[in-house]
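A.B. asks: Supplied in structure tokens, the structure appears directly below.
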Amino acid sequence: MQKKIAVLPGDGIGPEVVEQGIKVLKAVGERFSVKFNYEYADIGAVAIDNTDNPLPDSTIDTCLGADAILMGAIGDPKYDNNPNATVRPEQGLLKLRKSLGLFANIRPITTYKSLAHISPLKEEKVQDVDFVVFRELTGGIYFGEKGRKDDGDTAFDICSYSKSEIDRIARLAFESARQRSKRLTLVDKANVLETSRLWRDTVGKIAEDYTDVKVEYMFVDNAAMQIIMNPKQFDVILTENMFGDIITDEASMITGSIGLLPSASIGTSSALFEPIHGSYPQAKGKGIANPIATILSVAMLLDSLSLVDAGIAVREATEKVLNNGIMTPDLNETHHYTTAYVGDMIVSAIKNEESEGFKPENISVGMSTII
Ligand code: IPM
Ligand code: MG
């Protein structure tokens, strides 16, 4: 079997974490007899530097011609701190999501037993947390009309949603709930926003087709609190673009590090996989970035290609490596390993090669790769 993967490393730590993801794909390809062909393309600040365009047409073509897309991260402080910048790396990502019709962003929040102690929440609150956020990705305030008026003294960003935009992602979320614990929470601000009221109407109607799924409605401010107070209560969260962006960064802290959280962005004919974290420019090239969010994004990519056993192998290898204390400094400040070493160890675990690195006695004495 052959599969074509578009690879978009992007900015900051993007290239180094994507490199680990590709190593993992290669290992999986060998073990499960799949030949992955890779086509690299630019997006974000690197694309602006090379072509003055954060998303060149050639990148869109590469993505359209691929079976799946693996992305790193985009963003560069030279644009963040310049309110007058007319082109921004983020525009590239938003345009890519829109051009490929990637309307559903799926962000699973799962915790590892071996990391429960590093969560800022109490251990008993985070053990066994397992929920998934369905974030709408191509509508809402991100894509509404925006601008300035009154000589620049007033700015506006319009939030707009249509029934069909809500319907298509809501159905995916209900299908997922049906496969899981059959609970779905719509997170909105229906006490204030008209768009949220349309979400409630639409979701309420779809719920009639999914009577086996228990639906709950929660205001986003309350949800922000509940995610910290009792994260175990959630199974599937469905929400609009901006709320989903915010609550998934919040939810990542349950697991201990944003460096652990993968995502899948699904459309009708394309699928893109990327860590939920940003480009972390301060860490670029230092070998301290956590590659696990990208590696778990690779696992989601494999699922989407129906290579389910390969996805399981990647997740099991990742857990094994974490259980052996092999992790980057965001997870362990005193004994840590490089980005590449964590990637290498996950690769050996996929290949089932007994590695010296897995012997716990090596972890405390320090290996050459500890930085
Ligand atoms: C994300 C990011 C993006 C978003 C940025 C980089 C535009 O924060 O994927 O969560 O806001 O969607
Ligand atoms: Mg975000």
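A.B. asks: Sort out which residues of the range 183-202 are among the charged types (D, E, K, R) and open to solvent by 60 Å² or more (accessible area, probe 1.4 Å), and write them in order of number.
C.D. replies: Correct list: ARG183, GLU194, ARG197, ARG200, ASP201.
A.B. asks: Return the pairs, sorted by first residue and then second, in which the second residue is open to solvent by less than 50 Å² (accessible area, probe 1.4 Å), the first residue lies in the range 133-152 and is in a helix (DSSP H, G or I), the beta carbons are less than 7 Å apart, and the residues are 6+ apart or on different chains.
C.D. replies: Hits for this filter: GLY140/CYS159; GLY140/TYR161; GLY140/GLU240; GLY140/ASN241; ILE141/CYS159; ILE141/ASN241; TYR142/LEU94; TYR142/ASN241.
Residues checked against (1) modelled with pLDDT of 95 or more; (2) surrounded by fewer than 19 Cβ atoms within 10 Å (Cβ to Cβ):
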residue	(1), (2)
ARG107	yes, no
ASP128	no, yes
PHE134	yes, no
LEU137	yes, no
GLU145	yes, yes
ILE158	yes, yes
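A.B. asks: Can you pull out the strands (runs of 3 or more DSSP E) entirely within the range 1-76 that have at least 1 residues that are under 19 Å from the mean Cα position of the chain (by Cα)?
C.D. replies: Because the criterion is at least 1 residues that are under 19 Å from the mean Cα position of the chain (by Cα), the strands (runs of 3 or more DSSP E) in the range 1-76 that meet it are 2-10, 68-73.
A.B. asks: Out of the residues in the range 281-327 that are open to solvent by 20 Å² or more (accessible area, probe 1.4 Å) and touching a strand residue (DSSP E or B) at 6+ places or on another chain (Cβ under 7 Å), state the one that is nearest to GLY29 (Cα to Cα).
C.D. replies: Looking at residues that are open to solvent by 20 Å² or more (accessible area, probe 1.4 Å) and touching a strand residue (DSSP E or B) at 6+ places or on another chain (Cβ under 7 Å), I get LEU305.
A.B. asks: Can you name the number of the only condition in (1) over 27 Å from ASP157 (Cα atoms); (2) open to solvent by 30 Å² or more (accessible area, probe 1.4 Å) that TYR210 fails?
C.D. replies: (2)
To keep it simple, each residue is scored yes or no on (1) open to solvent by 10 Å² or more (accessible area, probe 1.4 Å); (2) among the β-branched types (Val, Ile, Thr); (3) more than 11 Å from ligand 1 (Cβ to nearest atom).
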site: ASP245; (1), (2), (3): yes, no, no
site: ASP249; (1), (2), (3): yes, no, no
site: THR255; (1), (2), (3): no, yes, yes
site: GLY259; (1), (2), (3): no, no, yes
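The values are calculated or read from the model by the stated rules, or taken from the named source; none is laboratory data. Keep in mind that what you see is a predicted model, and the values were worked out from it rather than measured. Don't worry about glycine lacking a Cβ; one is built from the backbone with ideal geometry, like all the others, and counts go over all protein chains shown. To get the accessible areas, we keep the full protein, side chains included, count just its heavy atoms, and leave off ligands, DNA and RNA. Shrake-Rupley method; radii C 1.70, N 1.55, O 1.52, S 1.80 Å.
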